[in-house]
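The structure appears below as structure tokens.
The values are calculated or read from the model by the stated rules, or taken from the named source; none is laboratory data. It should be emphasised that the depicted structure is a prediction, and the values quoted were computed from it without experimental measurement. Ideal geometry is used to build each Cβ from the backbone, glycine not excepted, and the neighbour counts take in all protein chains shown.
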Amino acid sequence: MATHLDLGRRGESLAKAHLENAGYEILDENWTHGRLEVDLIAYKDKMIIFAEVKTRTGNGFGEPEDFVDVRKQRLLADAADEYLYLMNHQGEVRFDIISVLFDRNNNYILKHIEDAFWPTAN
């Protein structure tokens with residue numbers, strides 16, 4: 001398996017553990033609808049949270065969260081719309097970003113950005 005895929009899975013695993021430790025219930029991991037994917041879908045305080053996890057080994061080109069651009073936000077919103085429809089969820093929704101930045105010694109900094117964005121209409 002490619003190293004970048006291993007890194008991404010490791011970041012998602014750390015993000016999942018972080019959410020669980022913070023009292024979130026994990027509803028789905030790597031949920032897909034067609035070509036759309038949401039890394040983590042969680043639930044807390046009657047709210048569904050769609051979390052995009054970005055993992056990097058350096059920040060020379062920007063912080064991991066900087067890579068959740070407008071296009072990615074729209075894709076997440078499209079996936080979220082379908083998920084909400086299927087689950088018949090009428091409550092609140094939030095989009096979070098969880099960034100995981102590893103250093104050369106395999107230490108990491110995890111940053112959970114709640115309500116990181118609200119997707120705009122296409």
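Being among the aliphatic types (A, V, I, L, M), touching a helix residue (DSSP H, G or I) at 6+ places or on another chain (Cβ under 9 Å) and under 16 Å from ASP115 (Cβ atoms) is the filter here, so list the residues in region 54-102 that pass it.
Within region 54-102, VAL68, VAL93, ILE97, ILE98 qualify.
Can you tell me which residues in region 1-29 are in a strand (DSSP E or B) and either surrounded by fewer than 13 Cβ atoms within 10 Å (Cβ to Cβ) or at pLDDT below 95 (or both)?
Hit for region 1-29 is GLU25, nothing else.
Return yes when LYS44 is surrounded by fewer than 20 Cβ atoms within 10 Å (Cβ to Cβ), at pLDDT 95 or above, closer than 17 Å to GLU114 by Cβ and touching a Phe, Trp or Tyr at 6+ places or on another chain (Cβ under 8 Å) and no when it is not.
Criteria met by LYS44.
When you go through (1) closer than 27 Å to THR120 by Cβ; (2) more than 11 Å from the chain's Cα centre (by Cα) one by one for ASN107, which number turns out not to apply?
It is condition (1) that ASN107 fails.
Determine, yes or no, whether ASP96 is out of contact with any His (no Cβ under 6 Å at 6 or more places or on another chain), buried (at least 16 other Cβ atoms within 10 Å of the Cβ) and among the acidic types (Asp, Glu).
Details: out of contact with any His (no Cβ under 6 Å at 6 or more places or on another chain): yes; buried (at least 16 other Cβ atoms within 10 Å of the Cβ): yes; among the acidic types (Asp, Glu): yes.
Answer is yes for this residue.
Any idea which residue in region 100-113 is surrounded by the fewest Cβ atoms within 10 Å (Cβ to Cβ), counting only those that are in contact with a Phe, Trp or Tyr (Cβ under 9 Å, 6 or more places away or on another chain) and either in contact (Cβ under 8 Å) with a residue 12 or more places away in the chain or on the phi > 0 side of the Ramachandran plot (or both)?
So, considering only residues that are in contact with a Phe, Trp or Tyr (Cβ under 9 Å, 6 or more places away or on another chain) and either in contact (Cβ under 8 Å) with a residue 12 or more places away in the chain or on the phi > 0 side of the Ramachandran plot (or both), the one surrounded by the fewest Cβ atoms within 10 Å (Cβ to Cβ) is TYR108.
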